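Colleague: Here it is: the structure, laid out below.
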Amino acid sequence: MGQILRITHRQRPELVTLSELRAKTDQQLHDLIRSKLDVGLSFAVLAEVEQTAGDRVFAEESLGRADRSLKEAQRLLPALNQEQRRWLEPQIHELRKALQKFEGACELPRTKAAQSGRF
């Protein structure tokens, strides 16, 4: 019986450690996705400034980077739980809206995921 208690005692800290590690990893992934969305929004704003300045080539390049940021974020989203995804929805919507402002104004290859709003 003493042996069973020792095994259980050893396993308990490992489970806590794994749980803490998973929580930390989930938070880092959430932060990474949020950073990608922030970068995408920054490039969308830059594209607007460049377009206003008449620099279409740089505007398209910045817009392409914003679109890639959205795609990368969308590719990582399924790894998050529903609550974490819900926290990112406003940023996703904002970036998607910023990209849609440019549809037709600049040539930008769009993916079905980016157009449909699925994440």
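Just so it is clear, none of the values below were taken in a lab; they were calculated from the coordinates. Keep in mind that what you see is a predicted model, and the values were worked out from it rather than measured. Backbone-built Cβ (ideal geometry, glycine too); neighbour counts: all protein chains shown.
Colleague: At 7 Å along Cα-to-Cβ for each site, give me the label-to-label distance between D26 and E89 in nm.
Modeller: 1.8 nm
Colleague: Using the Cβ atoms and a cut-off under 13 Å, what net charge is assigned to the surroundings of E50, where Lys and Arg are +1 and Asp and Glu are -1?
Modeller: -2
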